[in-house]
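Enquirer: Take a look at the following structure, please.
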Amino acid sequence: MKAGRSSLPSVASKTSNPPTFETSLQELEKIISELEKGDQPLESQLKAFEKGVSLSRDCLQRLEEVERKVQVLVQDEAGKVSRTDLPE
């Protein structure tokens, strides 16, 4: 392992504008890729892992929120399409 500057994403404080789901997912994928290489110092890997867990939880929460908001199209016996909220 090399000492010095880490190529793993930094664990920065949250800004006033939270990242989008897609941005969080991309960052999580990058962290996973870097951790799989295993060529960073242990402390850097631990910080990246902590950030990854946080991103994973954030993504899951966002998906759950969206799932609650999604409406399913339901077709009745007469062929009429109506919108029904998913049960919570």
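The values are calculated or read from the model by the stated rules, or taken from the named source; none is laboratory data. Bear in mind that the values here come from a model prediction, so they are computed numbers and not experimental data. With ideal geometry, Cβ positions are generated from the backbone for all residues, glycine too; neighbour counts draw on all protein chains shown.
Enquirer: When the range 27-84 is examined, which residues are found to be hydrophobic (A, V, I, L, M, F, W, C) and modelled with pLDDT under 80?
Expert: VAL70, VAL72, LEU73, VAL74, ALA78, VAL81
Enquirer: Continuing with this model, one more query. Looking for whichever is modelled with pLDDT under 95, touching a helix residue (DSSP H, G or I) at 6+ places or on another chain (Cβ under 8 Å) and in a loop (DSSP other than H, G, I, E, B) here; the options are PRO9, PRO87. Which one fits?
Expert: PRO9
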